1. Which value, in Å², gives the accessible area per residue of the chain when a 1.4 Å probe is used on the protein heavy atoms?
2. On a 0 to 90 degree scale, rounded to 10, what angle separates helix 2-26 from the longest Cα axis of the chain?
3. Lys/Arg Cβ at +1, Asp/Glu Cβ at -1, dipole of the chain taken about the Cα centre: which of ALA6, PHE50, GLY62 is farthest positive-ward?
4. What ³J(HN,Hα) values, in whole Hz, does the Karplus curve 6.51 cos²θ - 1.76 cosθ + 1.60 give for the range 52-58 when θ = phi - 60°, with x put for Gly and Pro?
5. Between SER86 and THR66, how many nm apart are label points set 7 Å from Cα along the C-beta direction?
6. Apply the Karplus parameterisation 6.51 cos²θ - 1.76 cosθ + 1.60, with θ equal to phi minus 60°, to every residue of the range 62-77 and state each ³J(HN,Hα) to the nearest whole Hz, in sequence, with x for glycine and proline.
7. Using Cα-Cα distances under 8 Å and only pairs 6 or more residues apart, what relative contact order does the chain have, in percent?
8. Quick one: P(r) of the chain from all Cα-Cα pairs, 5 Å bins, percents rounded to integers, in order of increasing distance.
Amino acid sequence: GAAFIASLFACMFSQPGDMILTETYKTKGSTQPFSTVISNIYRRGGLSEFFRGTGARIVHVGMIITSQLMVYDLVKQMLGLPATGSH
């Protein structure tokens, strides 16, 4: 539960940065000032454009974190250690 909630916050706070990186890499061979990259994103859809794709990212990250924690707990149990949160 706590790991998934932490991943939700991480997705929300890092999504704008990823949008900026994506926009930067779209224009190969051309360097644009940071302010221009920000302006291009904002012009396309306002502030919400910086968070486009967040839902899909949350599902993706949520599945990764959940599977990692499941494997972690399975390995711990196979080694005779208590599962996380069970003690």
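1. Working: 6300 Å² over 87 residues.
Spelled out: the 1.4 Å probe surface of the chain, per residue, equals 72 Å².
2. 30 degrees
3. So the residue we want is PHE50.
4. Ordered by residue, 3J(HN,Hα) equals 5, x, 5, x, 5, 5, 4 Hz.
5. Calculated label separation equals 2.0 nm.
6. x, 5, 5, 4, 4, 5, 4, 5, 5, 5, 4, 5, 4, 5, 4, 5
7. 36 percent
8. The calculated distribution, bin by bin, is 3, 13, 18, 15, 12, 11, 9, 7, 5, 5, 3, 0.
The values are calculated or read from the model by the stated rules, or taken from the named source; none is laboratory data. Predicted, not measured: the structure shown is a model, and the values here were computed from it. We place every Cβ from the backbone using ideal geometry, glycine too, and count neighbours over all the protein chains shown. SASA here: full protein model, heavy atoms, side chains in, ligands and nucleic acids out. Shrake-Rupley method; radii C 1.70, N 1.55, O 1.52, S 1.80 Å.
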